[in-house]
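These notes concern the structure reproduced below.
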Amino acid sequence: MRNLYHYCGAIALALTSTVTLAEPANTPLSTDITGYWRNIDDVTGFSKGIVHIQPTANGTYFGRIVEIIPRPNYVPMELCNNCPEPFTGQKILGLTAVWNLKSVPSTASSYNGGYVIDPLNGKIYAADVKVSADGRRLTLRGSIIGASLLKRSQTWIREPKYVPKYTWHNTQ
């Protein structure tokens, strides 16, 4: 059994090394928020899904859940759970989960004034976002509206080569 673990570990290391070599670490990406982002759960550490962030006609940004990623021992929910209107009963896949983000004029990598909903518990948070200097990571800090001391933070990872499985029309 121990040899099986070593064998699996060696394969995982080889695959990780291949992926790392395929995209040089020093290739800078844009600090613009637009693009596909892999959401990492702040509680479990597993990836929950892919969010596509896009600009709107009024200069704000919104993000739609475009893929739900399977996780070990978890059956994904299909509908927004305990969500207020207008999210009540909406499918999580395709849900606008981030909206109204505005670029901070003094910096090209920060966004604020927006909102994010956690479709697993229905809570809406005021959102502040910062994109890392190399454009590969996004830190989303959310505080519960009306209780600014209750905060959550998540790190999202840019997916520059992501190919969407579904398409939606820009309804923002």
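The values are calculated or read from the model by the stated rules, or taken from the named source; none is laboratory data. Since the structure is predicted, the reported quantities are computational estimates derived from the model, not experimental observations. As a convention, Cβ positions derive from the backbone with ideal geometry for all residues, glycine included, and neighbour counts pool all protein chains shown. Accessible surface is based on the protein model in full, side chains and every heavy atom, while ligands, DNA and RNA are left aside. Shrake-Rupley method; radii C 1.70, N 1.55, O 1.52, S 1.80 Å.
Provide the per residue accessible area, probe 1.4 Å, for segment 28-106, rounded to a whole number of square angstrom.
Working: 4070 Å² over 79 residues.
Result: 51 Å² per residue.
Could you rank Arg152, Arg158, Arg137 by how accessible they are, 1.4 Å probe, largest area first?
Values: Arg152 60, Arg158 30, Arg137 115 Å².
My answer, sorted largest first, is Arg137, Arg152, Arg158.
Listed by chain and number, the lysines placed with their C-alpha closer than 22 angstrom to that of Lys102 are Lys123, Lys130, Lys151; residues fewer than eight positions away on the same chain are left out. In segment 61-172, the portion of solvent-accessible area held by carbon and sulfur atoms comes to 56 percent [1.4 Å probe, whole percent, DNA, RNA and ligands not counted].
Report the local net charge at Ser132: Lys and Arg +1, Asp and Glu -1, summed over other residues whose C-beta lies under 15 Å from its C-beta.
Working: positive: Arg38, Lys130, Arg136, Arg137, Arg141, Arg158; negative: Asp32, Asp128, Asp134, Glu159.
Within the 15 Å Cβ shell, the charges total +2.
Sort Leu79, Leu101, Leu93 from largest to smallest accessible area, using a 1.4 Å probe on the heavy atoms of the protein chains.
Working: Leu79 85, Leu101 0, Leu93 60 Å².
The ranking, largest first, comes out as Leu79, Leu93, Leu101.
Cross-link reach is defined here as a Cα-Cα straight distance under 21 Å, omitting same-chain residues fewer than 8 places apart; for Lys165 the lysines meeting it are Lys48, Lys91.
Give the Debye-formula value of log10 I(q)/I(0) at each listed q (0.10, 0.11, 0.16 Å⁻¹), with one equal scatterer per alpha carbon of segment 23-137, two decimals each. Rounded to two decimals, the profile gives -0.32, -0.38, -0.79.
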